[in-house]
Amino acid sequence: MRFNSTVVFLVSLLFLAGCSNAQQEGQVIAEVNGSKLTYDFILDQFPQEYRSTLTDEQLARAIDAWIETELFYQEALKHNLHEDKSIKNIIAQKSKDIVASRYIDMSISANVDVTDQMVDSLYQSNKEMFITQEDMFTLRHIVLSSQNAANAVHSRLKKGDSFISLVKDYSEDDQSRKLDGSVGMLPASALEANMIDALKALDIGQFTGPLQSQSGFYHIFLLEDRKDAGVLLPLDEIRDEIAQSVIAERQQSSYKDLVNRLTVSANIKRYPINEAE
């Protein structure tokens, strides 16, 4: 539940960046055997869209990841692994991948613009697409790793403590905590059987007791809304989801157009693999 793919992405970029072996500029926030990490450098390892929502905990974990990677990197240098041909080839290609990805993001985002009129038109023309095929639940949750902690939080909820305040103070799910525990509207198929049974027994505005997931974490859900199967979802409730769907479709189309345009104008040659040296 608390696995954070952004930190993994960061670690790989730190390695490709040479673990800050080059001189960095700015405020130094960590140092390993003279190799310094600056605040600007660590921020640059995250995609732009994540930087404004980084928490202190995520930043601390990123610094820890840099320190660990730097330790390994310095040891690798002692074994001359940085001179290994295969490693050089991988770094060269990954460097191109990162620069190319930045160009793709820049080129595609500039060509994507979704208006309310487009969303309204799509909804009105395709209402059958927005009829629920199964029960839907709009939820917030508090996620805890131990039953004792979950029971303690549940007791406070029963005494009248604010669900959102308890999310902020105790939930161990980083992503939903930033959204005050909101996980949006989920179909029944996205939930486990014990969760569905508990949610069906609730009225809107009520919360469940601690429910253990197959991953071992304990969830306390607040039911904000429920839609039965076969109901047309109101546009106001799914406007953002429709807009994101349109954006994704237009981005995919823009990507294909970009690839085609560059391919047509390029001098590309392919050779049989069995003749390559």
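The values are calculated or read from the model by the stated rules, or taken from the named source; none is laboratory data. On a predicted model such as this, the values are computed, not experimentally measured, just so you know. Using ideal geometry, Cβ is built from the backbone for each residue, glycine included, and neighbour counts are taken over all protein chains shown.
Keeping to the stretch 117-167, report how many residues are part of a helix (DSSP H, G or I) and touching a Pro at 6+ places or on another chain (Cβ under 7 Å).
Initial filter on the stretch 117-167 (part of a helix (DSSP H, G or I)): 117-125, 127-130, 147-158, 163-167.
Checking the rest, the ones that are also touching a Pro at 6+ places or on another chain (Cβ under 7 Å) come to 147, 150-151, 154.
Residues in the stretch 117-167 being part of a helix (DSSP H, G or I) and touching a Pro at 6+ places or on another chain (Cβ under 7 Å): 4 in total.
Every residue, every condition in (1) at pLDDT below 90; (2) outside any loop (DSSP other than H, G, I, E, B), yes or no:
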residue	(1), (2)
3	yes, no
9	yes, yes
14	yes, yes
67	no, yes
70	no, yes
108	yes, yes
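Among the residues of the stretch 208-238, which ones are assigned to a helix (DSSP H, G or I) and in contact (Cβ under 8 Å) with a residue 40 or more places away in the chain? Before the answer, list the steps.
Pass one, the stretch 208-238, residues assigned to a helix (DSSP H, G or I): 235-238.
235, 237, 238 - these are the residues of the stretch 208-238 that are assigned to a helix (DSSP H, G or I) and in contact (Cβ under 8 Å) with a residue 40 or more places away in the chain.
In the stretch 192-207, which residues are without any contact (Cβ under 8 Å) to a residue 40 or more places away in the chain and within 11 Å of residue 137 (Cβ to Cβ)?
Of the residues in the stretch 192-207, the ones without any contact (Cβ under 8 Å) to a residue 40 or more places away in the chain are 192-195, 197-198, 201-206.
Within the stretch 192-207, 195, 198, 202, 204 meet the criteria.
Would you mention how many residues in the stretch 34-71 are under 21 Å from residue 180 (Cβ atoms) and over 22 Å from the mean Cα position of the chain (by Cα)?
0
Can you run down the residue pairs with Cβ atoms below 6 Å, 6 or more apart or on separate chains, where the first is in the stretch 247-258 and over 10 Å from residue 109 (Cα atoms) and the partner is at pLDDT below 90 and outside any helix (DSSP H, G or I)?
Sorted first by the residue in the stretch 247-258, then by its partner, the list stays empty.
Cβ-Cβ distance below 6 Å, separation of 6 or more or different chains: which pairs start in the stretch 179-191 with a residue that is outside any loop (DSSP other than H, G, I, E, B) and end on one that is among the aromatic types (Phe, Trp, Tyr)?
Going by the 6 Å Cβ cut-off, the qualifying pairs are 186/137.
Looking at residue 163 and the list (1) hydrophobic (A, V, I, L, M, F, W, C); (2) within 17 Å of residue 195 (Cβ to Cβ); (3) touching a residue at least 60 places away in the same chain (Cβ under 8 Å), which single condition is not satisfied?
Tallying (1) hydrophobic (A, V, I, L, M, F, W, C); (2) within 17 Å of residue 195 (Cβ to Cβ); (3) touching a residue at least 60 places away in the same chain (Cβ under 8 Å), residue 163 fails exactly one: (3).
When you go through (1) surrounded by 15 or more Cβ atoms within 10 Å (Cβ to Cβ); (2) more than 26 Å from residue 108 (Cβ to Cβ); (3) touching a residue at least 24 places away in the same chain (Cβ under 8 Å) one by one for residue 242, which number turns out not to apply?
The single condition residue 242 does not satisfy is (2).
Answer yes if at least one residue in the stretch 202-210 is in contact with a Gly (Cβ under 9 Å, 6 or more places away or on another chain) and of a type in the set (S, T, N, Q), and no otherwise.
Just the residues of the stretch 202-210 that are in contact with a Gly (Cβ under 9 Å, 6 or more places away or on another chain), to begin with: none.
No - not one qualifying residue is present in the stretch 202-210.
Conditions (1) buried (at least 18 other Cβ atoms within 10 Å of the Cβ); (2) of a type in the set (Asp, Glu), marked per residue:
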{"site": "134", "(1), (2)": "no, yes"}
{"site": "140", "(1), (2)": "yes, no"}
{"site": "149", "(1), (2)": "no, no"}
{"site": "184", "(1), (2)": "no, no"}
{"site": "199", "(1), (2)": "yes, no"}
{"site": "209", "(1), (2)": "no, no"}
{"site": "215", "(1), (2)": "no, no"}
{"site": "220", "(1), (2)": "yes, no"}
